[in-house]
Amino acid sequence: MDRRTFLGTVAGGLLAAPLAEGTQEANRIVRIGYLAFDLAAANPLTREGFFDGLRDVGYVEGRNLLVEYRDAEGKTERFPALAAELVARKPDVIVTGGGTLAALAAKQATTTLPIVFTAVGDPVAEGLVASLARPGGNITGLSVVSPELISKSLELLKQSLPGVSRVGLLFKPDAVPDRVAKDRLKAAHVTARTLGVRLQVVEARGPEDFDRAFSEMTRARAGAVTVQATPVFDSARQRLVDLAAKNRLPAVYSYRPYVDAGGLMSYGPDLVDLFRRAATYVDKILKGAKPADLPVEQPTKFELVINLKTAKALGLTIPPSLLARAHQVIE
């Protein structure tokens with residue numbers, strides 16, 4: 001038995017007896033297919049947020065909910081085959097937790113089964129939905145609005161380091177379609193020019209490129225770095241944080257787990273909240289709503305988290321005005 005089959009069996013569980021009394025609908029076992037990038041390396045709080053949201057609307061694993069997992073184990077090229085496996089199982093809903101590439105793989109695997117994505121960048125530009133208001137097709141979910149986050153991260157670095165003149169941008173070029181990548185980089189360059197800094201885009205397709213990427217930034221005398229979030233980077237967040245510390249590069253990330261791991265700063269959507277909200281989409285679909293009619297939601301909760309211990313280790317003094325805006329300061 002391979003690992004993903006084991007996870008699907010154990011995490012989904014052998015169901016206990018259904019609800020003892022009630023209507024046929026109340027006794028129904030809901031089946032969800034969950035397409036993940038890397039269950040072992042993912043932040044467990046996000047998936048917990050999703051299942052907390054399901055419990056809030058009455059779905060409990062082992063009682064009236066069966067979840068069958070397919071785990072790419074960090075290999076995005078496995079998404080199409082795993083998505084096809086889930087489609088063959090004919091779940092009530094497929095949920096994708098592996099970013100844009102997982103959502104695209106699920107969409108390409110079926111035009112009929114409903115799909116809910118938990119966190120993608122720009123679903124319109126990335127070819128997932130027709131529009132945010134009316135997605136069309138069989139897929140909907142939640143967006144993390146990546147282009148604005150790159151610009152905001154550059155602004156935060158400039159506020160933290162007023163004298164910085166060169167900032168590295170660690171970027172995974174194949175995380176999204178080429179046109180989307182070009183648009184995001186163009187927006188980042190515009191923001192950098194407005195802030196009076198030079199932007200050094202450094203590509204990394206995976207952890208095997210990290211050492212080379214940080215060497216490029218230090219050789220070019222970058223004064224700081226911003227990391228463009230992708231599931232591949234997120235699953236290797238500790239290594240990225242360690243390399244930033246080793247090279248003495250102040251870094252800003254998109255999500256809080258990086259800061260919990262020792263990163264300097266993060267600004268981005270509350271992923272736990274996003275995953276919890278994804279459960280409401282599942283509930284609506286199970287009650288008869290069509291994904292085509294469920295608008296894609298954008299983040300409503302953003303959080304700025306600063307690690308003062310890391311700032312001290314880097315010899316930085318974070319401006320009081322920035323600390324006052326932080327949702328949490330780690331001391």
Subject >> Cα gyration tensor shape of segment 166-288, rounded if a/c is under 1.5, else prolate or oblate by comparing a/b with b/c >> reply: prolate
Subject >> Helix-only [θ]222 nm of the chain, DSSP H runs n ≥ 4, -39500 (n - 2.57) each, per residue, nearest 500 >> reply: -12000 deg cm²/dmol
**OP:** With springs only between Cα atoms under 10 Å apart, run a GNM on the chain and tell me which of Glu85, Glu297, Glu126 wobbles the most.
**Re:** Glu85
Original post:
Non-local amide H neighbours of Arg198 (under 5 Å, H modeled in plane, Pro and chain starts lacking H): which ones?
Top reply: Arg166, Val167
**OP:** Could you pull out the pairs from Lys152/Lys301; Lys172/Lys312; Lys75/Lys182; Lys75/Lys172; Lys158/Lys186; Lys107/Lys152 whose alpha carbons sit more than 22 Å apart here?
**Re:** Lys172/Lys312; Lys75/Lys182; Lys107/Lys152
Original post:
What nm value, rounded to one decimal, do you get for the distance between Gln159 and Glu331 when each label is placed 7 Å out toward the C-beta?
Top reply: 2.0
Subject >> Alpha-carbon centroid distance for the pair segment 37-97 / segment 244-269, whole angstrom >> reply: 27
Subject >> segment 242-331: trypsin sites (Lys or Arg not before Pro) in DSSP loop, at most 11 other beta carbons within 10 Å >> reply: Arg248, Lys287
Subject >> Segment Ser321-Ala40, length gained on full extension (0.36 nm per residue, minus Cα span) >> reply: 97.4 nm
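Stretch Lys312-Lys186 to full length: gain in nm at 0.36 nm per residue minus the Cα-Cα span?
Taking Lys312 through Lys186 to full extension adds about 42.0 nm, to one decimal.
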Original post:
Sorting Ser151, Ser254, Ser235 on the 10 Å Cβ count, fewest up front, what's the list?
Top reply: Ser151, Ser235, Ser254
Subject >> Residue with peak Gaussian network fluctuation, the chain [Cα springs, cutoff 10 Å], from Thr46, Thr194, Thr100 >> reply: Thr194
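Here, each number is a calculation from the coordinates, and none is a lab measurement. Everything numeric in this text was worked out from a predicted model, so none of it was measured. Cβ coordinates were reconstructed from backbone atoms using ideal geometry, including for glycine residues, and neighbour counts include every protein chain displayed.
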